[in-house]
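Step one of this worksheet: look at the structure below.
The values are calculated or read from the model by the stated rules, or taken from the named source; none is laboratory data. Fair warning: this is a prediction, and the values are worked out from it, not measured in the lab. Every residue, glycine among them, receives a Cβ derived from its backbone with ideal geometry; neighbour counts consider all protein chains shown.
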Amino acid sequence: MKMLITTALLLASMNTFALTADEIVAKSNQAVRYAGTDGKSDVNMVITDAKGGQRIRKFRILRLNTGGGTQKFYVYFKAPADVRRQVFMVWKKVKRGQHDNRWLFLPALNLVKPIAPGDKRTSFVGSDFVYEDISGRALWEDKHELVKETGRHYLIKNTPHNPRAVDFRAYTVTIDKKTFLPIKAEYTDKNGKLFRRIKVVKVKTIQGYPTVVKSRVDDLARGTHTISTCSNVEYNTGLKEKIFTERFLRRPPREATR
């Protein structure tokens with residue numbers, strides 16, 4: 001009996017860190033970014049400034065998995081008037097050393113503007129989200145460390161390999177062990193001070209996929225925050241790759257506008 005108990009304890013100890021940090025991050029990335037072959041949803045963003053003033057952003061986001069981890073995103077803005085018909089498009093790359101291609105169409109100027117890799121940490125249409133939050137951060141860009149594990153969560157510390165390319169020193173992510181969805185991310189600045197937090201507010205299972213449908217980003221330095229709510233979420237809709245081209249930046253497809 002004593003031998004059986006010892007063996008059971010040994011096996012439990014071995015299973016405590018059965019997954020490496022890289023494996024956990026990869027599974028989490030798959031869960032939150034790659035559900036289905038494609039996806040679309042309507043998004044409502046409420047941006048609150050330090051004095052309590054609010055602005056709204058309404059848009060539809062289309063996402064297509066294009067093989068080997070690559071993806072394409074198309075974001076069409078519906079409201080308010082100052083951003084209506086604006087389009088943000090991403091071709092996401094995943095190979096080490098490659099950077100995503102990003103474009104912004106500004107209808108008031110009839111201008112297609114490429115977004116440089118160095119601009120991916122800038123504000124997304126005036127919100128507390130950044131461009132990189134939309135398509136995600138490449139796994140190879142950070143060193144991943146499993147710093148804590150509980151019965152329900154993993155805590156992963158992520159340190160950028162190129163700190164000069166970002167506005168943070170490191171960020172920690174709390175990952176749900178059941179769904180592998182990240183439920184909280186906290187960013188520290190170059191001095192090690194916490195300055196940004198992303199929290200999942202609501203998760204809903206849609207077509208069998210656990211899906212984040214409400215999240216909040218806080219800029220702790222400025223005292224602002226943005227709440228993003230998703231509705232009409234669908235997966236495996238049969239989106240065509242031709243939608244995600246420069247041709248449709250100026251002429252949005254019906255999948256984005258209807």
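Taking residues in the stretch 213-234 that are over 25 Å from ARG258 (Cβ atoms), and partners anywhere that are surrounded by 17 or more Cβ atoms within 10 Å (Cβ to Cβ) and modelled with pLDDT under 95, the pairs with Cβ atoms closer than 8 Å and at least 6 places apart or on different chains are VAL217/ASP133.
Taking the condition assigned to a helix (DSSP H, G or I) and at pLDDT 95 or above, does ASP22 pass? Yes.
Among the residues of the stretch 159-215, those that are within 21 Å of HIS144 (Cβ to Cβ), surrounded by fewer than 17 Cβ atoms within 10 Å (Cβ to Cβ) and among the small types (Gly, Ala, Ser) comprise ALA165, GLY192. Within the stretch 131-149, being assigned to a strand (DSSP E or B) and either of a type in the set (D, E, K, R) or surrounded by 17 or more Cβ atoms within 10 Å (Cβ to Cβ) (or both) holds for ASP142, LYS143, HIS144, GLU145, LEU146, LYS148, GLU149.
Candidates are the residues of the stretch 78-110 that are under 18 Å from the mean Cα position of the chain (by Cα) and aromatic (Phe, Trp, Tyr); the one that is farthest from LYS240 (Cα to Cα) is TRP103. Hey, does the stretch 9-18 have a residue that's buried (at least 16 other Cβ atoms within 10 Å of the Cβ) and either of a type outside the set (A, V, I, L, M, F, W, C) or not in a strand (DSSP E or B) (or both)? Within the stretch 9-18, not a single residue is buried (at least 16 other Cβ atoms within 10 Å of the Cβ) and either of a type outside the set (A, V, I, L, M, F, W, C) or not in a strand (DSSP E or B) (or both). With respect to (1) farther than 19 Å from ALA31 by Cα; (2) touching a residue at least 60 places away in the same chain (Cβ under 8 Å); (3) aliphatic (A, V, I, L, M), the lone exception for ALA81 is condition (2).
Identify, from the list PHE168, PHE105, the residue that is over 26 Å from PHE195 (Cα atoms) and either at pLDDT 95 or above or assigned to a loop (DSSP other than H, G, I, E, B) (or both). Full working, then the answer.
Numbers: PHE168 fails: over 26 Å from PHE195 (Cα atoms).
On inspection, the qualifying residue turns out to be PHE105.
Is it the case that some residue within the stretch 78-99 is surrounded by 15 or more Cβ atoms within 10 Å (Cβ to Cβ) and small (Gly, Ala, Ser)? Scanning the stretch 78-99, I find no residue that is surrounded by 15 or more Cβ atoms within 10 Å (Cβ to Cβ) and small (Gly, Ala, Ser), so the answer is no.
Out of the residues in the stretch 233-258 meeting the condition of being assigned to a helix (DSSP H, G or I) and of a type outside the set (D, E, K, R), tell me which one is farthest from ALA79 (Cα to Cα). Before you say what the answer is, go through the steps one by one.
Restricting attention to the stretch 233-258, the residues satisfying the condition of being assigned to a helix (DSSP H, G or I) are 241-243, 247-250, 254-257.
Then keep just the ones that are of a type outside the set (D, E, K, R); that gives 243, 248-249, 256-257.
Values: ILE243: 21, PHE248: 19, LEU249: 17, ALA256: 13, THR257: 11 Å.
Out of the qualifying residues, it is ILE243.
Tell me whether the stretch 174-185 contains one or more residues that are in contact with a helix residue (DSSP H, G or I) (Cβ under 8 Å, 6 or more places away or on another chain), touching a residue at least 40 places away in the same chain (Cβ under 8 Å) and part of a strand (DSSP E or B). Within the stretch 174-185, one or more residues are in contact with a helix residue (DSSP H, G or I) (Cβ under 8 Å, 6 or more places away or on another chain), touching a residue at least 40 places away in the same chain (Cβ under 8 Å) and part of a strand (DSSP E or B).
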